1. Take region 79-133 and flag every residue that is modelled with pLDDT of 95 or more, open to solvent by 50 Å² or more (accessible area, probe 1.4 Å) and polar (S, T, N, Q).
2. Of all the strands (runs of 3 or more DSSP E) wholly in region 182-268, which have at least 2 residues that are aliphatic (A, V, I, L, M), at negative phi and under 19 Å from the mean Cα position of the chain (by Cα)?
3. Out of the residues in region 1-33 meeting the condition of being over 18 Å from residue 43 (Cβ atoms), open to solvent by less than 30 Å² (accessible area, probe 1.4 Å) and part of a loop (DSSP other than H, G, I, E, B), tell me which one is modelled with the highest pLDDT.
4. When the residues of region 244-262 are narrowed to those that are of a type in the set (A, V, I, L, M) and open to solvent by less than 10 Å² (accessible area, probe 1.4 Å), which ends up nearest to residue 123 (Cα to Cα)?
5. Mind listing whichever residues of region 140-160 are touching an Asp or Glu at 6+ places or on another chain (Cβ under 9 Å), assigned to a loop (DSSP other than H, G, I, E, B), open to solvent by less than 90 Å² (accessible area, probe 1.4 Å) and not aromatic (Phe, Trp, Tyr)?
Amino acid sequence: MENYILLYGDKKPEDNICITNMFENSKPIHLGWTEFDYNHNMEIIEQSIKNGVKQIIFSGLEIGWDKLIKDIKEKNSNIKIKVICNTQDSLLYYDYERENFFKLLELAKEKQVYDIAFLRKGQYDTYKGLGYNCSYLKENYILKENKKVAIKLPNGKTDLGIYPLNYTWDKNIFNQLCIAKFFENCNLNYNRLEERMEDFLATMEIQSTKQKIEKIEDTELIQKISQNDATIATSFTDYMHPVFWISMELGIPCLVGNHADFLEEDLKQYVITKEEDNPIVNAKMVENMIKNKEKIHQLYKMWKQEYNKQAKEQLEKFIEK
């Protein structure tokens, strides 16, 4: 477990919350826009190899990293290179995602990338069936003792938290904001990513509090989420769920879209919606979550204990492969 290093960039900082929590040996590198970025990254990689690293794991394939991979293999053919896929087929709508994903598949065909790890079981089954050497990783996040904070005490008002970390269509932001409209005596705490969010809430006459997240990391998210009775993360599609994990780890129920394929049925009925674009249905689900907050937390704790073991086993299997 000590002979690897995981390298990650800042293109998708929300992913890094979970990835750096899962992998102890990790280091940030630049996206490969310029020769300076390439040289900076290669210096880190070469020093890691000198220090005894036998395999390099990339969190995603970002721009310019395909050249890094080819050059590493040319200079050090014995080094294993693995990539954790940080996209999914639904997101290939974006040119950037599609181009990098196809590059990843090509590198795997050329044996430059030894193994691709998928975080969604369906993706893993699909590409395994197509003949790619791949692994299945269970995404995870474990709240460390030193990060625990005081949870909101009852104040006669329902505080809902909505913390999208990216302003894109798949985050389903405005359908989420609407949910607070169907609560009485409710305040919506939200991450203000764009002026339109503020305008929308004013037009809909939804009482709200801006909570701009300046740095996307777990420490700041923990502080923001802890101020709520429940959180909402009903994006249309996702492969990483940092808001869900942090909220549930804090004992605050979180409504999530129908893409959290790692949960068991007892929990699904409370926290997964099948109608991400229906704020009326989702408001009722959030109300039910708050009523059953303690029960949900106990179900989560029982389930998570076993899930942590399985996630660790899958991770170790991936590294040792």
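1. Across region 79-133, the qualifying residues are 126, 133.
2. Details: elements: 186-190, 208-210, 230-233, 254-256.
Correct list: 230-233, 254-256.
3. The residue in question is 23.
4. Among those that are of a type in the set (A, V, I, L, M) and open to solvent by less than 10 Å² (accessible area, probe 1.4 Å), it is 260.
5. 142, 143, 152, 157
Quick grid of which residues meet (1) touching a Leu at 6+ places or on another chain (Cβ under 7 Å); (2) closer than 14 Å to residue 231 by Cα; (3) buried (at least 19 other Cβ atoms within 10 Å of the Cβ); (4) not hydroxyl-bearing (Ser, Thr, Tyr):
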position	(1), (2), (3), (4)
173	no, yes, yes, yes
176	no, yes, yes, yes
184	no, no, no, yes
188	yes, yes, yes, yes
194	no, no, no, yes
200	yes, no, no, yes
212	no, no, no, yes
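The values are calculated or read from the model by the stated rules, or taken from the named source; none is laboratory data. Keep in mind that what you see is a predicted model, and the values were worked out from it rather than measured. Counting neighbours? That spans all protein chains shown, and the Cβs are built from the backbone with ideal geometry, glycine included. SASA here: full protein model, heavy atoms, side chains in, ligands and nucleic acids out. Shrake-Rupley method; radii C 1.70, N 1.55, O 1.52, S 1.80 Å.
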